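Participant: Handing you a structure now.
Read-outs throughout are calculated quantities, based only on the coordinates presented, and are distinct from any laboratory measurement. Note that this is a predicted model, so its numbers are computed, not measured. In this analysis, Cβ positions are derived from the backbone assuming ideal geometry, glycine residues included, and neighbour counts consider all displayed protein chains.
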Amino acid sequence: MRAPTCSDAVLRGRLRECDRLLPRPSLAPPETLTTVPWTEFCDTAGPWLPRCVEEWQERGGFRHRRAGLVLVAFRAGWLACCASVPEYHFAARVPALSTLDAQIDEHGRLRALTTTEVAVDPDADRWWKEMRAFFTPLAESLHALGGPPASSHEYWGNPVGLLGTVLWRLQRAGLPGDAVHSATELREATGLVKLLDLDREPPGPWARRRTCCQWWRRADGGYCDECVLWNSHSRRSE
């Protein structure tokens, strides 16, 4: 089951702990960041999304063009999961992802999301509906910039797979509730069950994405903790 019902004060305390653990959105973004509506960020004719792709390419030193495109989807999926999955787990009102704005730094990097007061009930199907409304315009625009089709698992494996990463981190921090159960409920709501593996007793993180974020392609190599390539021949031989 999800975390047991608690008082408003305890709930606020749990969510403040999530703010400490994760890159969570705020109502008051730092003045050093530029805030734009999410649809404006996703506009391929605007300055924000193409620059964000290039920033990833430059930061990773990638030769493979797809890497920067997929990593934008990875970052957006991570921020959206951090903004909403803890609320679902603690049975709190979930920020409406379709209303979020993008916060961009001076280099063009998507640094954070700005939430609003709009929220929805903590229902798994509603959570996925909001996630789809948030993520679909990004996937369509990344395809228009030369990436895989908008329906590609290379994009959608991020919001699906990263919901497990958020919950694994909450469990690792000692926060209450059955994190694997919450992950299972949300995974089922996506209809994309094969994009996230869940195992209560693995040798490492119990949540593992089944698609690659492309970060391993960077010049200095390396893998995420929950990387789909965790048992690859190249990784075992390191």
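Participant: If you put +1 on each Lys and Arg Cβ and -1 on each Asp and Glu Cβ, how big is the dipole of region 13-59 around its Cα centre, in Debye rounded to 20?
Facilitator: In debye, rounded to 20, region 13-59 gives about 340.
Participant: Compute a Gaussian network model of the chain, connecting alpha carbons closer than 10 Å, and tell me which residue from Gly146, Gly177, Gly108 fluctuates the most.
Facilitator: Looking only at Gly146, Gly177, Gly108, the biggest GNM fluctuation is shown by Gly146.
Participant: So what is the orientation-averaged projected area of the chain, using the convex hull of its C-alpha atoms, in nm²?
Facilitator: The number I arrive at for the chain is 12.7 nm².
Participant: I've got another one for you. Please report the antiparallel percentage of DSSP beta bridges with both residues in the chain, rounded to the nearest 5.
Facilitator: Counting DSSP beta bridges with both partners in the chain, the antiparallel share is about 95 percent.
Participant: Using a simple charge model, +1 on the beta-carbon of Lys and Arg, -1 on the beta-carbon of Asp and Glu, nothing else, what dipole does the chain show about its Cα centre, in debye to the nearest 20?
Facilitator: 660 debye
Participant: Then there is this: Output the relative contact order of the chain, whole-number percent, from Cα pairs under 8 angstrom with separation of 6+ residues.
Facilitator: Relative contact order here is 22 percent.
Participant: What residue among Trp206, Trp78, Trp56 shows peak mean-square fluctuation when the chain is described by a Gaussian network model with Cα springs under 10 Å?
Facilitator: It is Trp206.
Participant: Which one, Leu71, Ala45, Thr136, projects farthest toward the positive side of the charge dipole computed for the chain from Cβ point charges (K/R +1, D/E -1)?
Facilitator: Going by the Cα projections, it comes out as Leu71.
Participant: With each run of n ≥ 4 DSSP H residues scored as -39500 (n - 2.57), what mean residue ellipticity at 222 nm is computed for the chain after dividing by its residue count and rounding to the nearest 500 deg cm²/dmol?
Facilitator: Roughly -15500 deg cm²/dmol at 222 nm, from the helical runs in the chain.
Participant: Top mean-square fluctuation among Ser141, Ser151, Ser182, Gaussian network model of the chain, C-alpha springs under 10 Å?
Facilitator: Fluctuation is largest for Ser151.
Participant: Can you tell me the FRET efficiency between Glu40 and Glu188 if r is taken as the Cβ-Cβ distance and R0 is 25 Å, rounded to the nearest 0.05?
Facilitator: Calculated value: 0.15.
Participant: Would you mind calculating the gained length between His107 and Arg126 on full extension (0.36 nm times residue separation, minus the Cα-Cα distance), in nm to one decimal?
Facilitator: 3.4 nm
Participant: Across region 68-74, in residue order, what do the Karplus-derived ³J(HN,Hα) couplings come to in whole Hz, using 6.51 cos²θ - 1.76 cosθ + 1.60 with θ = phi - 60° and x for Gly and Pro?
Facilitator: Working through the residues one at a time gives x, 5, 5, 5, 5, 5, 4 Hz.
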